[in-house]
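Structure, as structure tokens:
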Amino acid sequence: MGFPIKVCSICSEEFELKPDKPGFANRCPECSEQEAKSAGKPEGTMKQAGNRELNQERKQAIRDLLYRKDS
């Protein structure tokens, strides 16, 4: 029994959907590889580091507002 034939949602080419195929089930291996290359991991980790810093600043500001002593 062969693998099911699917049509890529990006390039509209037919491909066999194999169990070990990386990426989405509705995209051919070539389109999945292109997306994996364009989604850079270092950029994502930099965004996370920036978000961590912003979250820490937000927490500090809220803490200061909540627990400040009115003199």
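Summary of values
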{"read-out": "Cβ-Cβ under 9 Å pairs, at least 6 apart or on other chains, region 1-27 side within 20 Å of Lys37 (Cα to Cα) and open to solvent by 90 Å² or more (accessible area, probe 1.4 Å), far side aromatic (Phe, Trp, Tyr) and modelled with pLDDT under 90", "value": "none"}
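Conditions tested, residue by residue: (1) in contact with a helix residue (DSSP H, G or I) (Cβ under 9 Å, 6 or more places away or on another chain); (2) modelled with pLDDT of 90 or more.
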| residue | (1), (2) |
| --- | --- |
| Pro4 | no, yes |
| Gly23 | yes, no |
| Arg27 | yes, yes |
| Ala36 | no, no |
| Ala39 | no, no |
| Glu43 | no, no |
| Lys47 | no, no |
| Arg52 | no, no |
| Ile62 | no, yes |
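The values are calculated or read from the model by the stated rules, or taken from the named source; none is laboratory data. Since the model is a prediction, treat every value here as computed from it, not as a measurement. Quick reminder, even Gly has a Cβ in these numbers, built from the backbone with ideal geometry, and neighbours come from all protein chains shown. Calculation scope for accessible area: heavy atoms of the full protein, side chains included, ligands and nucleic acids excluded. Shrake-Rupley method; radii C 1.70, N 1.55, O 1.52, S 1.80 Å.
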